[in-house]
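Heads up, the thing below is written out as structure tokens.
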Amino acid sequence: MARLTSILDNDFYKFTMQYAVVKLFPKAKARYQFINRGKHEFPEGFAEKLRVAIHHMAELKLSKAEKEFFAKTCPYIDPTYFDFLQGYQYDPEEVKITQEGSNLEVHIEGYWYRTILWEVPVMSLICELYYEETGQERVSDGEVAQIVNDKMDKYDKLNITIADFGTRRRHSYAVHDLVIKALRAHDSNTFIGTSNVHFAMKYKTKPIGTHAHEWFMFHAAKYGYKMANLLGLEHWADVYRGDLGIALSDTYTTEAFFKQFDKKLTKLFDGVRHDSGDPIEFAKKTIKHYESKGINPLNKTIIFSDGLDYDKVVKIVDFCNGKIGHSFGIGTDFTNDVGLKRMNIVLKMTEAYPDEGEWTPVIKLSDEPLKHTGDPEEIKMAKRFLNIPDHA
């Protein structure tokens with residue numbers, strides 16, 4: 001049965017955001033909600049199985065070896081944070097799970113610095129339990145490794161770098177382990193790291209990531225939509241002083257982002273991450289933005305991370321070569337390519353409670369309208385504030 005075995009079995013950007021939240025917003029609270037985009041039908045008794053798996057997460061503790069690895073890998077994070085993480089325990093009381101028929105609901109609430117770690121492991125547990133409880137048989141371990149090697153043989157020819165971003169919607173821990181093992185064993189320099197800190201430690205590779213949409217969603221709740229991107233990036237720079245310099249661009253659409261990505265921030269950050277919408281159009285806008293600030297786009301990088309597979313990567317490389325730096329974060333096409341239908345689920349922040357304020361709805365306006373999340377009325381209001389057309 002699905003179980004987590006390490007507190008570091010999570011995305012790197014969850015820990016980097018947690019550190020920033022502890023420093024800047026220790027009194028803030030947050031609420032999260034599970035969204036079943038793929039309309040998956042969960043079998044009877046699924047909620048109870050998930051509760052048991054989450055209950056076991058309370059037993060996870062940062063080991064001495066994990067602490068030493070994390071501190072050595074991230075010298076830009078204060079030692080006090082690793083002491084804090086060593087004392088951190090998941091509290092299952094923060095997670096409410098219900099099920100009616102085949103419909104699963106998950107709600108999370110608590111101090112933001114605590115609840116920020118739940119999203120990724122809960123999603124990975126939901127995926128793994130779903131495949132277990134529905135009795136779906138995946139391909140063999142050998143085939144998993146072969147699929148990875150075949151993909152990497154093709155990626156090698158593109159002269160690019162690739163990281164694994166597949167924790168949240170992986171088929172299972174076992175498959176994820178097989179994938180990272182195969183990526184590390186592959187004889188090339190194409191694979192550069194993983195978003196999963198546990199596997200980065202296990203396979204002696206680099207943990208990769210910066211921040212996620214919720215960082216900017218909280219800033220909108222505290223400071224308003226027009227200041228969310230600007231202050232989100234300013235605060236990130238205050239904490240990390242130039243490290244972890246890839247900015248997420250699409251929380252309130254790329255158009256709104258580039259209006260606030262001023263020359264100081266444009267120079268300070270190493271690049272931007274693309275996570276929704278047409279990647280070629282995004283690259284064109286990004287190149288134009290850098291050129292407008294007098295910056296050579298070849299000195300900056302776009303990290304592409306939106307539902308990538310080989311065909312998408314080829315198109316992006318063909319366009320970006322010689323124009324702008326580029327790298328790729330590949331998720332479920334690595335960790336859930338096992339002969340079964342992949343799950344389409346998310347778990348998003350829905351409300352934030354700034355240290356001085358009240359519960360405030362939060363939303364995400366991606367560059368792909370179908371990926372907007374949050375209250376429809378709040379989405380309409382945000383679009384008015386940011387001068388975004390209704391159809392976008």
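Could you check how much of the accessible area of region 1-80 is carbon and sulfur, as a whole percent, using a 1.4 Å probe?
Working: 1990 of 3690 Å².
So the carbon and sulfur contribution to the accessible surface is 54 percent.
If I compute solvent accessible area with a 1.4 Å probe over the protein chains, what percent of it on region 156-261 is carbon and sulfur? Each step should come with its number before you reach the end.
On the way: 1800 of 3620 Å².
Carbon and sulfur together cover 50 percent of it.
What value in Å³ per residue do you get for the convex hull of the alpha-carbon atoms in region 54-111? Write down the numbers at each step before the final one.
Details: hull volume 7.1 nm³, N = 58.
Roughly 122 Å³ of hull volume per residue.
Using the Cα gyration tensor of region 45-142, with a ≥ b ≥ c the square roots of its eigenvalues, what is the shape: rounded (a/c below 1.5), prolate (a/b larger than b/c) or oblate (neither)?
Details: a/c = 2.89, a/b = 1.58, b/c = 1.83.
Oblate.
Counting DSSP beta bridges with both partners in the chain, what percentage is antiparallel, nearest 5? Please list the in-between numbers first.
Details: 22 of 42 bridges.
For the chain, the DSSP antiparallel bridge percentage is about 50.
Which value, in debye to the nearest 20, gives the size of the charge dipole of the chain about its Cα centre, when Lys and Arg are +1 and Asp and Glu are -1 at the Cβ?
So the magnitude is around 1180 debye.
If you line up the Cα atoms of region 142-230 on their principal axes, what length do they span on each, largest first, in Å?
50, 29, 21
Taking only Cα atoms and a 10 Å spring cutoff, compute GNM fluctuations for the chain and point out the largest among VAL22, VAL122, VAL272.
Greatest mean-square fluctuation among the candidates belongs to VAL22.
Roughly how many Å² is the accessible area per residue of the chain, as a whole number, for a 1.4 Å probe?
Numbers: 16620 Å² over 392 residues.
The answer is 42 Å² per residue.
Just how far, in whole angstrom, is region 284-303 from region 1-41 if you go by their alpha carbon centroids?
For region 1-41 versus region 284-303, the Cα centre distance is 31 Å.
With charges only on Cβ, +1 for K and R and -1 for D and E, what is the dipole size of region 1-152 about its Cα centre, in debye, rounded to 20? Please report the intermediate quantities before stating the final value.
Numbers: 18 positive and 24 negative charges, 148 e Å.
Dipole about the Cα centre, nearest 20: 720 debye.
At a 10 angstrom cut-off on C-beta neighbours, averaged per residue, how do the peptides 357-364, 188-195 rank from highest to lowest? Before the final figure, lay out the partial values.
Working: 357-364: 18.4, 188-195: 20.0.
Top of the packing list down: 188-195, 357-364.
Can you give me the Cα centroid spacing of region 185-202 and region 312-335 in angstrom?
If we compute the Cα centre of each part, the gap is 17 Å.
Please compute the volume of the convex hull spanned by the alpha-carbon atoms of region 149-298 and report it per residue in Å³.
On the way: hull volume 20.8 nm³, N = 150.
Output value, Cα hull per residue: 139 Å³.
Kindly work out what percent of the DSSP beta bridges joining two residues of region 255-372 are antiparallel, to the nearest 5.
Values: 2 of 10 bridges.
Approximately 20 percent, going by the DSSP bridge assignments.
Determine the gain in length on full extension of the stretch GLU93-LYS67; use 0.36 nm per residue of separation and subtract their C-alpha separation, reporting nm with one decimal.
Working: separation 26, 0.36 × 26 = 9.36 nm, distance 2.57 nm.
Roughly 6.8 nm would be gained on extension.
What list of whole percents do you get for P(r) of region 261-392, with Cα-Cα distances grouped in 10 Å bins up to the one holding the largest distance?
Pairs per bin, as whole percents: 10, 30, 33, 23, 4.
Could you compute the FRET efficiency for ASP238 and ARG3, with r as their C-beta to C-beta distance and R0 at 35 Å, rounded to 0.05?
Numbers: r = 38 Å, r/R0 = 1.08.
After rounding, the FRET efficiency stands at 0.40.
From the alpha carbon gyration tensor of the chain, can you work out the equivalent ellipsoid semi-axes (sqrt of 5 times each eigenvalue) and give them in Å, largest to smallest?
Values: eigenvalues 169, 142, 95 Å².
Taking √(5λ) for each eigenvalue gives 29, 27, 22 Å, largest first.
For region 296-339, give the percent of accessible area contributed by carbon and sulfur heavy atoms, probe 1.4 Å, rounded to a whole number.
Numbers: 720 of 1680 Å².
Carbon plus sulfur share of accessible area: 43 percent.
Under unit Cβ charges (Lys, Arg +1; Asp, Glu -1), what dipole magnitude, rounded to 20 debye, does region 101-241 have relative to its Cα centre?
Working: 16 positive and 18 negative charges, 117 e Å.
With only Lys, Arg, Asp and Glu charged at Cβ, the dipole is about 560 debye.
The values are calculated or read from the model by the stated rules, or taken from the named source; none is laboratory data. All of these numbers come straight from a predicted model, not from anything done at the bench. Virtual Cβ from ideal backbone geometry, glycine too; neighbours counted across all protein chains shown. Accessible surface areas use protein heavy atoms only, side chains included; no ligands, DNA or RNA. Shrake-Rupley method; radii C 1.70, N 1.55, O 1.52, S 1.80 Å.
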